[in-house]
Amino acid sequence: MNWPRKDLLDIAALSAEEIEIILDTAVSMKEVLTRPVKKLPTLRGKAVAMLFYETSTRTRSSFETAAKILGADTSSLAVAQSSVSKGESLLDTAKTLAAMNIDLLVVRHAASGAPQFLAERLPLGVINAGDGQHAHPTQALLDVYSMREKWGGVTGRKIVIVGDVLHSRVARSNALCLTKLGAEVVLVGPPTLLPPEMDYLGVRLSYDFDRELAGADGVMALRLQLERQQSGLFPSLREYNRLYGLTRERMARAGKECLVLHPGPMNRGVEIMSDVADSPQSVIETQVTNGVAVRMALIYLLLSGGAVDAVA
Ligand code: CP
């Protein structure tokens with residue numbers, strides 16, 4: 001198998017076949033996670049650096065774990081304690097890391113386009129770990145992997161993504177990834193958080209959560225991004241929960257087989273109730289485990305080009 005890309009910046013750049021290659025590779029990687037010794041020599045001698053300008057629990061630790069299992073060395077710049085606080089630019093910071101013989105840079109930044117900016121200027125590979133409101137491609141890949149694992153595929157499945165779509169890079173990347181693989185995606189939220197121009201994603205928009213839950217195979221509650229809200233986008237958290245919160249009563253409309261997903265971190269009691277998040281229908285913890293497998297697959301493909309046997 002040949003994987004010619006050096007970067008992963010956006011789902012939009014990937015074909016359906018490339019997405020399937022990543023997901024198929026992740027199946028082998030997930031098997032490694034069940035072994036007593038979770039360590040491969042595949043990427044011994046390679047170095048992966050994390051450059052996170054925004055907070056993260058899942059994504060950063062998942063990338064670090066994935067790279068280490070593959071045998072790569074990892075480092076993580078604590079941006080708040082770095083020379084960024086002295087005014088060092090994004091490019092100079094990244095060039096400094098690159099000069100330490102890094103092979104792959106995993107970047108999270110509040111500015112949309114920051115990972116692409118670096119990828120165009122650096123000879124090493126860059127993975128987008130979330131940029132502004134633009135994209136979170138590895139989150140979408142692990143979400144789709146989690147659905148595919150349950151159903152065998154996502155083609156023809158109806159997935160409802162509900163909540164703060166306006167601010168959500170997760171919603172954008174999932175909409176692109178799922179539609180490329182033939183799923184039906186409906187974005188749901190209050191009009192203030194779901195502007196009509198979101199239809200550029202080629203998916204249906206709806207303001208009626210209860211109606212859309214009928215016939216849904218999967219429902220993904222988005223985190224209400226309280227830190228990005230301007231005032232007046234919704235009356236109160238209680239009102240938001242009443243209309244768009246994922247409650248047990250609402251889930252009854254979708255049926256027992258409908259999967260519950262959330263990218264995390266969750267605002268329990270706001271966009272999702274605890275009894276739904278912790279129910280048998282929930283795959284939220286499985287999403288986290290699958291995130292390691294999917295990121296292993298991606299790091300392996302980007303650093304080896306698919307040229308060596310990944311899991312021998
Ligand atoms: N889903 C996600 O990106 O979580 P973190 O912000 O914890 O990385």
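Below, the figures for the structure above:
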{"read-out": "Whether segment 119-270 is rounded, prolate or oblate, judged on the alpha carbon gyration tensor where a/c under 1.5 counts as rounded", "value": "oblate"}
{"read-out": "Placed amide H near residue 282: partners under 5 Å, 5+ positions off or other chain", "value": "260"}
{"read-out": "Long-range HN-HN contacts of residue 132 with modeled amide H, under 5 Å", "value": "109, 110, 111, 112"}
{"read-out": "Peptides ranked, highest mean first, by Cβ atoms within 10 Å: ranges 34-45, 72-83", "value": "72-83, 34-45"}
{"read-out": "Antiparallel DSSP beta bridges within the chain, percent to nearest 5", "value": "5"}
{"read-out": "Stretchable slack from residue 13 to residue 96, in nm (0.36 nm times residue separation minus alpha-carbon distance)", "value": "27.1 nm"}
{"read-out": "For residue 126, residues with placed amide H under 5 Å, excluding near neighbours", "value": "7, 8, 105"}
{"read-out": "Net charge contributed by nearby residues that have their C-beta within less than 12 Å of residue 42 (K/R +1, D/E -1)", "value": "+3"}
{"read-out": "Cα centre as origin, Lys/Arg/Asp/Glu Cβ charges: segment 137-287 dipole, Debye", "value": "100"}
{"read-out": "12 Å beta-carbon shell around residue 14, net charge (K/R +1, D/E -1)", "value": "-3"}
{"read-out": "Cross-link pairs 6/95; 30/68; 30/180 - those with Cα-Cα distance over 19 Å", "value": "30/180"}
{"read-out": "Protein accessible area in the chain, 1.4 Å probe - carbon and sulfur %", "value": "52"}
{"read-out": "In sequence order, calculated HN-Hα J values of segment 194-199 (Karplus, 6.51, -1.76, 1.60; Hz; x Gly/Pro)", "value": "9, x, x, 5, 5, 5"}
{"read-out": "Segment 1-77: C-alpha gyration tensor shape, a/c 1.5 cut-off, then a/b vs b/c", "value": "oblate"}
{"read-out": "Heavy-atom surface of segment 137-287, accessible at 1.4 Å and reported per residue (Å²)", "value": "41"}
{"read-out": "Difference of contour (0.36 nm per residue) and Cα-Cα distance, residue 286 to residue 61", "value": "79.5 nm"}
{"read-out": "Per-residue HN-Hα couplings for segment 141-147 [Karplus 6.51, -1.76, 1.60; θ = phi - 60°; Hz; x = Gly/Pro]", "value": "5, 6, 5, 5, 4, 5, 6"}
{"read-out": "Using alpha-carbon coordinates, inclination of helix 58-69 to the longest axis of the chain, degrees", "value": "40"}
{"read-out": "HN-Hα J in Hz across segment 259-264 - Karplus 6.51, -1.76, 1.60, θ = phi - 60°, x for Gly and Pro", "value": "7, 10, 10, 8, x, x"}
{"read-out": "Cα centroid separation - segment 177-192 against segment 74-101, whole Å", "value": "36"}
{"read-out": "0 to 90° range, to nearest 10: angle between helix 16-33 axis and the chain longest Cα axis", "value": "80"}
{"read-out": "Within the chain, helix-based [θ] at 222 nm, where runs of 4 or more DSSP H residues each add -39,500 (n - 2.57), nearest 500", "value": "-11000 deg cm²/dmol"}
{"read-out": "Burial ranking of peptide ranges 238-251, 105-118 (average Cβ count within 10 Å, highest at the top)", "value": "105-118, 238-251"}
{"read-out": "Tensor-based shape of segment 158-206 (alpha-carbon gyration tensor, a/c under 1.5 rounded, otherwise prolate or oblate)", "value": "prolate"}
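The values are calculated or read from the model by the stated rules, or taken from the named source; none is laboratory data. In this text the structure is predicted, and so the values were computed from the model without any measurement. Heads up, the Cβs are rebuilt from the backbone with ideal geometry, glycines too, and the neighbour counts pull from every protein chain shown. Just the protein is used for accessible areas: all its heavy atoms, side chains included, with ligands, DNA and RNA removed. Shrake-Rupley method; radii C 1.70, N 1.55, O 1.52, S 1.80 Å.
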